[in-house]
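Just so you know, all these numbers are worked out from the coordinates, no wet-lab data involved. Keep in mind it's a predicted model, so treat the numbers as computed, not measured. We place every Cβ from the backbone using ideal geometry, glycine too, and count neighbours over all the protein chains shown.
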Amino acid sequence: MHCPICGHDCVTDARTLFAELPGRFAPCPDCMGLVYDKRSPPPDLSPAEPCPSCARRFIDEVFAHIYRVMAAEGDLAGTEPLAAAGTPLVHPGFAMRSAPYLPPDSLVLLSRSAGKHAAARLVAEVPEVRGVVRTGAGAPGISDTDAEPAGHTLLAGCDVRADVFPTRAGPVAVYKQQSALHVEFPRDRDEKIFSLEREIDRHRPRTFVDACSGAGTLGLAAARAGVPHVIANDAWYAAAYWTACNFRVNREFLGIGEVAMHRSYDDLRRRPVARDPIRVATAAGAQEIEVYHGDLQLLSTVLPPQIDLTALDPFEKADAGKVEEITGVWRAQVGGAIFIP
């Protein structure tokens, strides 16, 4: 699928992605890798070459290479620990039992220290690096529709990557633009998905709303569980876009046909924070899917009359008063069962 960030076909369908997982980060018999102390600078050695048989390289060797490029460009003094280079996000991310051996184009680096020159070199010279993102003060996105958006900065390459989350009905693939959406680390058991599945068992909904969808994980899990009508919404442009994209990516495992995209990435980016909901994507078949970009407190204007179950997962859910206010408005305007994942 066409990527709106780099223009290449780096977004693949879920079945293709899942088929690669078993051996994606596994070493071949010829692989060798040194484990480095993340609390110390890497040893003064030349970067190890990728394995000649499988082109993979152990993650510590990759990070040592990254560290040396950043030090050469002056972004690191060379005395910081290896971990100071940044945070590695592998593509695709999934629950792993051991440290990975990375194939080419499989790592997005989040770094507070990287500059543009180093980022360009990393993408050009370190084969495993697909993109470099300089992190900002807060998590990307918005805390509410009145807040100033926060975000990271893509310095070089492409920062689109996928995570694979387990559900009882099977895995779901969740692509996201990492400079514009917060990090989620897949684990063997995802507590938010588990809470959703528990609520689906309790209420047997025919309609489910994920009112703060992020990249769409809960909406996808509800559709994977067979809920007939799933509606996803987010006020942040990147969340709404990638939610729609992720229904396309996973559609083979859902009861839907083609996903019609009604808004492009560029359309949504021109209005990054939305109030009045606009329809981003729809799909029909044995199941019905709708994706909106808008303020959840105005979403009732486009919802069908009967909503059985809603997930409310706002950024500010640590603020009990704010959550109570949002829940009260939703209960009055929409009704149905509500849960906070």
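The packing ranking, built from the mean of other Cβ atoms within 10 Å per residue, places the peptides 290-301, 56-67 in the order 56-67, 290-301, highest first. A Förster radius of 25 Å combined with the Cβ-Cβ distance from ARG187 to ASP276 puts the calculated FRET efficiency at roughly 0.10.
Along the charge dipole of segment 14-159, Cβ charges K/R +1 and D/E -1, which of LEU76, PHE18, ILE66 sits furthest on the positive end? It is PHE18. Taking every Cα-Cα distance in the chain and sorting them into 20 Å bins from zero, the calculated P(r) comes out as 31, 54, 16, 0 percent. Calculated FRET efficiency, SER46 to ARG331, Cβ-Cβ distance, R0 = 51 Å: about 0.20 to the nearest 0.05.
Between the helical axis of 320-333 and the dominant principal axis of the chain, each derived from Cα atoms, what acute angle in degrees is found, rounded to the nearest 10? Computed tilt is about 40 degrees.
Distant-in-sequence amide contacts of GLY93, defined by a placed amide H-H separation under 5 Å and a gap of 5 or more residues or a different chain, comprise ALA162, ASP163, VAL164.
Once C-alpha pairs closer than 8 Å and six or more residues apart are averaged by separation and normalised to the residue number of segment 162-339, the relative contact order reads 21 percent.
Taken along its principal axes, the alpha carbon cloud of segment 107-212 reaches lengths of 54, 36, 18 Å, longest axis first. Computed from Cα positions, the angle between helix 116-125 and the longest principal axis of the chain comes to roughly 80 degrees. Considering only ALA215, PRO341, ILE193, the residue lying farthest towards the positive end of the dipole of the chain is ILE193, judged by Cα position with unit charges set on Cβ. Along the axis of the charge dipole computed for the chain (Cβ charges of +1 for Lys and Arg, -1 for Asp and Glu, origin at the Cα centre), the listed residues HIS2, LEU102, PRO171 are led at the positive end by PRO171. For the peptides 274-287, 10-23, 29-42, residues were scored by their other Cβ atoms within 10 Å and the scores averaged per peptide; the highest-first order is 274-287, 10-23, 29-42. Packing order of peptides 201-209, 320-328, 259-267, highest average first: 201-209, 259-267, 320-328 (average count of other Cβ atoms within 10 Å over each peptide's residues). For segment 40-91 versus segment 142-219, the spacing of their alpha-carbon centroids is 30 Å. A Förster radius of 51 Å, combined with the Cβ-Cβ distance separating GLU324 from GLU20, puts the computed FRET efficiency at roughly 0.70.
Taking a ≥ b ≥ c as the square roots of the Cα gyration tensor eigenvalues, with a/c under 1.5 meaning rounded and otherwise prolate when a/b beats b/c, else oblate, which class fits segment 162-339? Verdict is rounded for segment 162-339.
Sorting TRP330, TRP242 from the fewest to the most surrounding beta carbons within 10 angstrom yields TRP330, TRP242. For the chain, the dipole from Cβ point charges (+1 on Lys and Arg, -1 on Asp and Glu) about the Cα centre works out to 320 debye, to the nearest 20.
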